[in-house]
Amino acid sequence: VDVASSPLLRNLNPEQLAAVTAAPEPALILAGAGSGKTRVLTTRIAWLLNTGQVSPGGVMAVTFTNKAAKEMLTRLGTMLPFNVRGMWIGTFHGLCNRFLRAHWKLAHLPQAFQILDASDTTSAVKRVIKAMNLDEERFVPKQVGWFIAGCKEDGQRPGDVEQRDEQTRKLVEIYANYEDQCQREGVVDFAELMLRSYELLRDNQAVREHYQRRFRHILVDEFQDTNKLQYAWLKMFAPPGADSGQSILAVGDDDQSIYAFRGARVGNMADFEREYRVRKVIKLEQNYRSFGHILDAANELISRNTQRLGKTLRTDAGLGDPIRVHEAPSDFAEAQWLIEEIQSLHRGGLERQEIAVLYRSNAQSRVIESALFNSGIPYRVYGGLRFFERAEVKHALAYLRLLENANDDTSFLRVVNFPTRGIGAKTLENLQDAAKASGRSLYQSVGAIPGKGGANLVAFTNLIDSTRNLTQGMTLREIIEQVLETSGLLDFYRTDKDGAERLENLDELINAAEAFVMQEGFGKNAVGLPVDEVAPSVQSTGTPGAVPDAETGEIMSPLVAFLTHASLEAGDNQAQAGQDAVQLMTVHSAKGLEFDAVFITGLEEGLFPHENSMSDHDGLEEERRLMYVAITRARKKLSMSFCQTRMLHGQTRYHIKSRFFDELPEEALKWLTPRNQGFGSGFAREYQQAWQRGSGLKGMVGAGNVQKAAWVEPPIPPSMKQKVSEEHGGLRVGKGVFHTKFGEGVLLTLEGTGADARAQVNFGRHGTKWLALSVAKLTPID
Ligand code: ATP
Ligand code: MG
């Protein structure tokens, strides 16, 4: 082949060219972000095909996310003269599914086997536990589900698990029964897709040899994030040490290993090098993606990690623009700043789809989505659903809808058996028939259903009715909190493996309601405070926060208004396919992608690095790799932002900027707001204001980078102290108080005089509330 003249190869550097055109033997590329790993991998496929060294059926390429697989197909599509859709290119699960569809008989599956998602899996496990008459407190279905998945990912069937004690013996028994049940019902869970295809290959020589003959070239992108079973599965297709003339190319970057929490083994890279007797690890050191400042920041940051294989990256692109850093007073202000920046980039000629907004946790997208929505900027959320479309949020909204309108059949069906209440498909079918026959709603028809199922249905409608009674007179926030509790949703997600994120989203729903109430001016009252910060009795209208509609005069409750708002925002605002839209995603789902402009938001201690990972060394290194991934997504423009205050878990929390700012080269940063030492300028300002208001910051607790603000006991200027204590004899800031409804709390602030006197009290579980002292009965304690 005349290498130099091939247009495909013309734009490669010598190292890349060598990798693309390497002889068919095992190879490992270990190189940093943006060095062209994925480009080498796809170009190699195209080159092999174009030069007739392999047919499309002889190639298998695996990558990690659906989006990356799609991206790879698109890149290939532009290099090749034929349709690439039929090629074996996809994610691990996608390819396993394809494999099992082709060999369903050998795999002992029905031809139309169904795949269980995470929640299906849990309910399947639950049924097994029930059938075995076991105590669900001791064998929590979720946890048993993880046990089973963990065994499968270790390649263990029930007979392989070491039965150390009575508990394990029972778990293994459940595992065995669960397998029987799945087999009977013709379903497989995610872990089963991998394990079943692995076993078929392992145990069936003919099939194995067929695929080994078929796939001449196997290429794996993002190899650093493979787990044990995935690596074993790959070895079935291309056994190490075999003299089969197959070529396997693994491509990865240890600095971008970000899935340890799901069993990814970065050690697979070293194992690969040894087991496949890789002669020379290919290193690519030229970065083609990012300008110098961005790359310098990435290099400097990741150099703080101790567990590294060691790589270098350089660029010829010049320094480019410095990284813009913005400190915002609140998460709303941060979102507002984002909007302005995005609009100015777009005016400057950048397509919206070349702009990505990244965040550490899904729940953070809500405030940003809301701001984009309000300013009419089309956006698309990747690697997750838009906020109001997420399952847990929809469940919660369904309960809220039922409070307002129990005859809403859609909402009824959505949650009647979620969390599970022993209401089966058969019962629901009967209920739907009964409702149809009588022309009534499902809710109205529960009485017509006999037996156990009927009794469970009645229990459900009773739950809805009693919650409705219970929430009479509550504020929107309290209603939502109550519903999350009594519906069992909170308990359900508390025991769920992936529940932490779902709980965050439910908290975020409370924040959304708070923000909505303030934005719409619901419940602005005589005292001028938002409704949910005031004792219910302060409000003049019967329904808390109810205000007459300006046009119709109709009094719409905040709940109804909020539900309407939620449906609208969940509606068709999502950018249409092909429409130019800003891209929103978590850092995890941005892996492998690149954009002209990238915003990394929420760079605050506890958020990024995430609080769950801050305390241990390995966790922190993984967070740093995640930050490295985030930074290296940017081609031309990178911005970072953080907030002084953020609504988290339904409360305003005070934040300090991420330690990662101290790990970036100062020359690469351009502070749009004044840079401060220790804690941010915002803090100093807040402190001063708080002092003037009579509440404030006690100080910082902790040391070094793990400082947290302590807002417990405010320093009060003596003059002010006297004034307030004179007026509200006995009430003292920093001391305990008792309220008839919220119980015991700590008094944080006293302000105003006479009829306008207000107190801010932290009631712990009930949150922090503002109370009008003319109405609220506060008694001092101790
Ligand atoms: P990541 O680690 O983030 O997955 P990567 O190593 O896979 O990155 P690629 O996505 O393949 O990197 O390449 C980064 C960018 O650089 C792409 O836009 C690619 O087209 C471009 N690029 C790669 N090699 C060259 C080259 N030799 N000349 C010009 N551009 C290149
Ligand atoms: Mg890549």
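The values are calculated or read from the model by the stated rules, or taken from the named source; none is laboratory data. Only a predicted model underlies this, so the values are computations on that prediction, with no experimental measurement involved. Cβ coordinates were reconstructed from backbone atoms using ideal geometry, including for glycine residues, and neighbour counts include every protein chain displayed.
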Selection from the range 229-250 of residues that are under 18 Å from Leu48 (Cα atoms) and crowded, with 23+ Cβ neighbours inside 10 Å: Ile248, Leu249, Ala250
Every pair of residues 6+ apart whose Cβ atoms lie under 9 Å, when the first sits in the range 199-219 and is free of Cβ contacts under 8 Å to residues at least 40 places away in the same chain while the second is aromatic (Phe, Trp, Tyr) and surrounded by 16 or more Cβ atoms within 10 Å (Cβ to Cβ): Leu201/Phe99; Leu201/Tyr211; Leu201/Trp233; Leu201/Phe237; Arg208/Phe237; Tyr211/Phe99; Tyr211/Phe237; Gln212/Phe237
From Phe272, Phe215, which residue is at pLDDT 90 or above and more than 23 Å from Leu73 (Cα to Cα)? Phe272
Ala18 being modelled with pLDDT under 95 and either away from ligand 1 (no atom under 13 Å from the Cβ) or more than 24 Å from Pro240 (Cβ to Cβ) (or both): no
Select, from Met640, Met627, the only residue that is on the phi < 0 side of the Ramachandran plot, modelled with pLDDT of 75 or more and touching a helix residue (DSSP H, G or I) at 6+ places or on another chain (Cβ under 7 Å). Met627
If Arg635 satisfies every condition in (1) in a helix (DSSP H, G or I); (2) modelled with pLDDT of 90 or more but one, which is the exception? (1)
Please determine whether any residue of the range 39-53 is within 23 Å of Tyr231 (Cα to Cα), among the polar types (S, T, N, Q) and within 25 Å of the chain's Cα centre (by Cα). no
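Yes/no matrix, rows are residues, columns are (1) buried (at least 22 other Cβ atoms within 10 Å of the Cβ); (2) of a type in the set (Phe, Trp, Tyr); (3) under 30 Å from Thr586 (Cβ atoms); (4) within 12 Å of ligand 2 (Cβ to nearest atom):
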site	(1), (2), (3), (4)
Ala19	yes, no, no, no
Pro26	no, no, no, no
Ile29	yes, no, yes, yes
Gly32	yes, no, yes, yes
Gln53	no, no, no, no
Gly57	no, no, no, no
Arg85	no, no, yes, no
Test result for Ala297, within 25 Å of His610 (Cβ to Cβ) and surrounded by 14 or more Cβ atoms within 10 Å (Cβ to Cβ): yes
Which of the helices (runs of 4 or more DSSP H) found entirely inside the range 412-525 contain at least 1 residues meeting this: aromatic (Phe, Trp, Tyr)? 442-445, 451-470, 489-494, 499-520
Among all residue pairs at least 6 apart or on different chains, which show Cβ distances below 9 Å where the first residue, located in the range 22-43, is on the phi > 0 side of the Ramachandran plot and the second is in a strand (DSSP E or B) and not small (Gly, Ala, Ser)? Gly34/Arg635; Gly36/Gln286
Any idea which of Leu234, Leu249, Leu229 is assigned to a strand (DSSP E or B) and among the aliphatic types (A, V, I, L, M)? Leu249
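Looking at the range 212-262 only, could you name the residues that are of a type in the set (Gly, Ala, Ser) and under 26 Å from Ser35 (Cβ atoms)?
Ala238, Ser247, Ala250, Gly252, Ser257, Ala260
Taking the range 251-263 as the search range and keeping residues that are farther than 16 Å from Tyr628 by Cα and surrounded by fewer than 21 Cβ atoms within 10 Å (Cβ to Cβ), which one is nearest to ligand 2 (Cβ to nearest atom)?
Arg262
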Residues in the range 379-411 that are more than 18 Å from the chain's Cα centre (by Cα), of a type in the set (A, V, I, L, M, F, W, C) and not in a helix (DSSP H, G or I) total 1
From the list Glu341, Glu300, Glu327, which residue is assigned to a strand (DSSP E or B) and either within 30 Å of Leu17 (Cβ to Cβ) or not hydrophobic (A, V, I, L, M, F, W, C) (or both)? Glu327
Which ones in the range 111-123 are exposed (fewer than 14 other Cβ atoms within 10 Å of the Cβ), out of contact with any Asp or Glu (no Cβ under 9 Å at 6 or more places or on another chain) and in contact (Cβ under 8 Å) with a residue 12 or more places away in the chain? Ala112
Within the bounds of the range 246-256, is there any residue that is in contact (Cβ under 8 Å) with a residue 12 or more places away in the chain, more than 19 Å from Pro26 (Cα to Cα) and away from ligand 1 (no atom under 16 Å from the Cβ)? no
Per-region count, the range 192-223, residues more than 16 Å from ligand 1 (Cβ to nearest atom) and either in contact with an Asp or Glu (Cβ under 9 Å, 6 or more places away or on another chain) or not in a helix (DSSP H, G or I) (or both): 8
Only one of these is on the phi < 0 side of the Ramachandran plot and either at pLDDT 95 or above or surrounded by fewer than 16 Cβ atoms within 10 Å (Cβ to Cβ) (or both): Leu338, Leu284, Leu313. Name it. Leu338
Can you confirm whether Lys126 is among the charged types (D, E, K, R) and either free of Cβ contacts under 8 Å to residues at least 12 places away in the same chain or not in a helix (DSSP H, G or I) (or both)? no
Checking the structure you have, find out if any residue of the range 259-273 is under 13 Å from Glu622 (Cα atoms), within 16 Å of ligand 1 (Cβ to nearest atom) and out of contact with any strand residue (DSSP E or B) (no Cβ under 6 Å at 6 or more places or on another chain). yes
So Thr312 fits all but one of (1) without any contact (Cβ under 8 Å) to a residue 60 or more places away in the chain; (2) more than 30 Å from the chain's Cα centre (by Cα); what number is the exception? (1)
Kindly list the number of the only condition in (1) at pLDDT below 95; (2) within 15 Å of ligand 1 (Cβ to nearest atom) that fails for Gly241. (2)
In the list Arg98, Arg39, Arg10, Arg75, which residue meets the criterion of being surrounded by fewer than 21 Cβ atoms within 10 Å (Cβ to Cβ) and more than 13 Å from ligand 1 (Cβ to nearest atom)? Arg98
Selected residue (only one of Gly349, Gly376, Gly320 is under 27 Å from Leu664 (Cα atoms) and not in a helix (DSSP H, G or I)): Gly320
With criteria (1) in contact with a strand residue (DSSP E or B) (Cβ under 7 Å, 6 or more places away or on another chain); (2) in a loop (DSSP other than H, G, I, E, B), Gln307 comes up short on (1)
